[in-house]
Amino acid sequence: MTTSKLAGYYDAPEGLDVRGRYDEEFAKILTREALEFVAGLQRQFRRQIRHAMESRREAQRRYDAGGLPGFDPATRFIRESDWVCAPVPPPIANRMVEITGPVERKMVINALNSGAKVFMADFEDALSPNWENLMKGQVNLRDAVNGTISFEDRERKRVYKLNETTAKLFVRPRGWHLKEGHILIDGEPAVGCLVDFGLFFYHNYAAYRATQGQGFGPFFYLPKMEHSREARIWNSVFNRAEESASIPAGSIRATVLIETLPAAFQMNEILYELRSHSAGLNCGRWDYIFSYVKTLRAHPDRLLPDRVSVGMSQSMMRSYSHLLIFTCHRRGVHAVGGMAAQIPIRGDSAAHAKAIEAVRSDKLREVRAGHDGTWAAHPGLIGEIGKVFEEGLAGRENLIGVVRREDAAGIGEEDLLERPRGRKTIEGLRLNTRVGIQYMAAWLTGTGSVPLYNLMEDAATAEISRVQNWQWIRYKALLDAEGVELALTPELFARVVEEEMGRIEREVGMEKFRRGMFKEACSIFVRQCMAAQLDDFLTLDAYNHIVIHHSRAASSL
């Protein structure tokens, strides 16, 4: 964390201190009224948030002592009784293809113009949350909602503007666990998601509802939840926001990502808490794999195989997907499938065709299973995925009420916890290390979504790399090295890190390697992989490296 002088300062209400760089455009977002709204949310809900985070830690202590996640006997009545969520709003009835990406200006325009039904603008895993990215993201989304957003690419001599028809905008704020170190409320860092949600809602709810929301909205994605108590807090946040704006209850709708292992046992309960505000659930499968390792970190019999082999064909992943479809359709809301992380491969038509076929096969599996829509990381995939889902939907807007997945009603705890099968290899270790270091280097320099080896990597896939390395090192996993079994020792890992750093330098070039933060990233990543206790999130350790506090300059006081 560093500090420098601030040329101007924001008109913050009492008890709130904004320490991010002053900018006139940012000041239009950080108005006194908007900051009062954010501060009000934090003051009302901070005790509940602290309790929810301590409950997470208590649950993890039980798992570390040998326990396993499971269905809660106390909420059996919610799972077994008949109830439904509020009807799906007409403007988002069809969500067959959704594209995700950071709130960078050109990305926002391209994603909204991509032909997808939904664009999830991401303040979370696809964004490095430095001050500039967060505030510019709020500016970009305000301009997108107002229809005034444009971007001039001087290099390409091209101006980007919105098409007449665009994707519906959903916004994903950060998870409950992340703080906003540039904004202090009553002397403590703000809760990151309340900053992201509060600023976007305050400035955009009226224009959003009048245009693409068609009387509903705004719409959100909610990440990283582990228990329905966390959904209950969000529901209360939404109620307060609607009351403050004098809009009808249930206007705000949110899709929850089921991307933690504990949440897989709480799907009904999460929907129940959000039932007047729910827009369904999504299979956040990359984070789900990360959470499987993190949750069961003290269970040496739960070592995962190479991450590339932990796909939806694994029994525990298939059970998770089918249970999500059954739960959502029983409650009358969307069941959205997982991310296609592939990106077009230029200059290699055979490799490109193979990648597209893999995407088609995955999406065909999803729509046949009953998913109403799915995710893509790149605009170049929208057309192919759209064809698969158009055929699968057969003229319908979704499969709610059509595919019920009654066969998934009997999925039990053992199905969701079944051990993944596959090989653990030295090449898997190398790939984890290479991807983790390169992603961390990009994140430290302000980029949260990175194309690596023909896949779009974000914090979720970097987390898989980290926790799998940690798990293998912790339990001295036997790795296949071209037919020879090697026990993963700290010494072997150190040698792999050195060799992979050399490979990274060769791949990116000496100049880029020198200018980048690869050595700092390597230090953070390796320390996390070798830690005696597994940290909850890679980015929590790295966050202080991107927080820059500005103090008020004497001339502006």
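Structural remarks
- Label-point gap, in nm, between residue 150 and residue 58 - each point 7 angstrom along Cα→Cβ: 5.6
- Residues with amide H under 5 Å from that of residue 374, placed H, sequence gap 5 or more: 97, 98, 337
- Taking each of 161/224; 28/512; 294/476 in turn, the alpha-carbon distance tops 24 angstrom for 161/224; 28/512.
- Here the gap between residue 245 and residue 486, fully extended at 0.36 nm per residue and compared with their Cα-Cα distance, gives a gain of 80.6 nm.
- Computed from the Cα positions only, the extents of the chain along the three principal axes stand at 66, 58, 52 Å, in decreasing order.
- Contour excess over end-to-end distance, with Cα ends at residue 312 and residue 415 and 0.36 nm allotted per residue: 35.7 nm
- Helical mean residue ellipticity (222 nm; -39500 (n - 2.57) per DSSP H run of 4+; nearest 500) of the chain: -14500 deg cm²/dmol
- Per residue, the accessible area of the chain comes to 40 Å², computed with a 1.4 Å probe over protein heavy atoms only.
- Cut-off under 5 Å, modelled amide H: who pairs with residue 93 long-range: none
- Contour excess over end-to-end distance, with Cα ends at residue 214 and residue 346 and 0.36 nm allotted per residue: 43.6 nm
- Coarse-grained scattering of segment 128-181 at q = 0.16, 0.18 Å⁻¹, given as base-10 log I(q)/I(0) from a Debye sum over alpha-carbon atoms: -0.66, -0.79
- Separation of the residue 72 and residue 358 label points, Cα + 7 Å toward Cβ, nm: 3.8
- Zone of residue 164's modelled label, taken as backbone nitrogen in segment 73-110 under 12 Å from a point 7 Å along Cα→Cβ: none
- Accessible carbon and sulfur surface of the chain relative to its total accessible area, %, 1.4 Å: 49
- Between the alpha-carbon centres of segment 67-102 and segment 303-378 there is a gap of 18 Å.
The values are calculated or read from the model by the stated rules, or taken from the named source; none is laboratory data. This is a predicted model, so every value here is computed, not measured. All Cβ positions, even for glycine, are placed from backbone atoms using ideal geometry, and neighbour counts span all protein chains on display. The area values use the complete protein model at the heavy-atom level, side chains included, leaving out ligands, DNA and RNA. Shrake-Rupley method; radii C 1.70, N 1.55, O 1.52, S 1.80 Å.
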